[in-house]
Amino acid sequence: QVQLVESGGGLVQAGGSLRLSCAASGSIFSIDTMGWYRQAPGKQRELVAGITSGGSTNYADSVVGRFTISRDNAKNTMYLQMNSLKPGDTAVYYCNAARIWTTAGRYIYDYWGQGTQVTVSS
């Protein structure tokens with residue numbers, strides 16, 4: 001009915017770039033705040049960047065100046081441009097939608113994608 005699908009992950013060398021995409025599909029009327037989270041082995045899942053439906057953004061201190069979050073509301077798609085990647089960025093990156101309003105008039109809260117692996121080698 002509703003899906004969030006991440007793509008764009010992969011293996012890159014330190015200093016390289018990747019662009020992650022999160023495509024929301026299904027019976028969606030609108031989505032409010034969305035965000036990218038990541039989880040490395042043995043570590044807690046953490047917020048990388050968030051973006052409201054109006055385009056306001058926030059970033060984890062560790063990625064400021066390197067990552068850029070954006071979204072296309074018409075496509076229900078969110079992006080994360082990742083530049084100057086470091087080995088410490090290695091993690092599974094997850095797309096999150098804080099609240100989805102479906103075309104059936106219902107809300108879905110705290111909805112997650114399946115994740116995409118980002119591995120940065122040195």
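The values are calculated or read from the model by the stated rules, or taken from the named source; none is laboratory data. Predicted model, so just to flag it, every value in this text is computed and none were measured. With ideal geometry, Cβ positions are generated from the backbone for all residues, glycine too; neighbour counts draw on all protein chains shown. The protein model used for the area step is the full one, side chains on, heavy atoms only, and it has no ligands, DNA or RNA in it. Shrake-Rupley method; radii C 1.70, N 1.55, O 1.52, S 1.80 Å.
Compute a Gaussian network model of the chain, connecting alpha carbons closer than 10 Å, and tell me which residue from 64, 92, 48 fluctuates the most. Ranking 64, 92, 48 by mean-square fluctuation puts 64 first. Ranking 35, 20, 57 by Cα position along the charge dipole of the range 6-68, where only Lys, Arg, Asp and Glu carry charges on their C-beta atoms, puts 20 farthest toward the positive end. Beyond 24 Å, the tail of the calculated P(r) for the chain holds 23 percent of the Cα pairs. Find the centroid of the Cα atoms in the range 86-122 and in the range 1-74, then give the distance between the two in whole Å. The range 86-122 and the range 1-74 have Cα centres separated by 6 Å. Summarise the accessible area of the chain (1.4 Å probe, protein heavy atoms) by the percent that is carbon and sulfur. In the chain, the share of accessible area belonging to carbon and sulfur is 47 percent.
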